[in-house]
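Let me begin by presenting the structure, written as structure tokens, before commenting on it.
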Amino acid sequence: MPRSGRFRELDAGIPEERKALARVLRTLMKVVGLSLRQTHAELTRRDFGCDTSASALSDLLNARIHKPKREVIRALYELAETAAQTSDASMPVTWEELEDLWAKACEPPAALCMSCQRPVLPVPSAQGDRQHGKGQWPTALTLLDMKQNRRAEDVAGILRHVGVVGEPTEVAHAVAACRACGLGSEADVILRYAQTGRDGRQLAEIAYEFMRIEDNAMAQRALGMFLAM
């Protein structure tokens with residue numbers, strides 16, 4: 001790891017979501033103004049629940065960790081926030097923005113179209129390829145594992161990200177997949193975020209996608225949200 005304030009180039013093969021998170025974390029390190037080892041020592045002193053090491057922190061700043069720990073990122077943010085108050089510097093990102101970047105970095109990489117190499121949304125590939133209300137959203141299994149391992153904050157971050165910034169098709173599939181996995185309350189949380197953060201057209205698109213995957217009950221609920229606006 002280069003000395004404080006200088007960072008090596010991020011590897012070309014790393015997903016853009018992880019690169020985006022690493023770049024913002026590097027700006028926080030500049031606000032902190034400490035070396036890597038000093039930063040790790042300060043994180044350990046301030047938060048005994050921050051389970052990391054100097055080498056793991058280096059990997060985080062170089063986007064080499066596939067699923068970064070939310071508590072480590074939060075601890076680093078709070079350390080930068082304290083340093084900014086002392087030096088009267090401005091924070092380069094809000095916690096909400098950083099949490100959204102973390103949630104995106106933790107999501108499975110999207111499949112790419114073979115012809116144009118653009119991300120393909122996890123929706124049915126043909127009109128007749130119905131999912132009958134189950135949805136195509138592999139992250140539901142990740143959420144189930146997180147819930148079973150009492151990682152409530154991680155679950156909350158992903159639910160918020162999908163509900164607030166996910167495409168309408170992703171929202172519908174995420175809700176359907178969560179319900180199919182027994183995560184009914186999590187599905188409700190996604191819909192509540194969607195209802196409060198989207199316009200009528202997007203709510204209608206969510207309802208339409210529910211109808212496409214033959215989840216009529218959720219389609220009616222989404223339409224009710226649209227009509228209540």
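Against the compact-protein benchmark of 2.2 N^0.38 Å, the Cα-based radius of gyration of the range 190-229 scales to 1.01.
Here the average projected area of the convex hull drawn through the C-alpha atoms of the range 16-97 stands at 4.9 nm².
Charged neighbours of residue 167, selected by a Cβ distance under 12 Å, balance to -2 (K, R count +1; D, E count -1).
Please give the FRET efficiency for residue 196 paired with residue 20, using the beta carbon to beta carbon distance and R0 = 35 Å, rounded to the nearest 0.05.
On the way: r = 25 Å, r/R0 = 0.72.
The calculated FRET efficiency here is 0.90.
Summing charges over neighbours of residue 205, with a neighbour being any other residue whose Cβ is under 13 Å away from its Cβ, gives -1 when K and R count +1 and D and E count -1. Rg ratio for the range 139-227: its Cα radius of gyration over 2.2 N^0.38 Å, N being its residue count, equals 1.01.
Values in this text are rule-based calculations from the coordinates and carry no lab data. Bear in mind that the values here come from a model prediction, so they are computed numbers and not experimental data. All Cβ positions, even for glycine, are placed from backbone atoms using ideal geometry, and neighbour counts span all protein chains on display.
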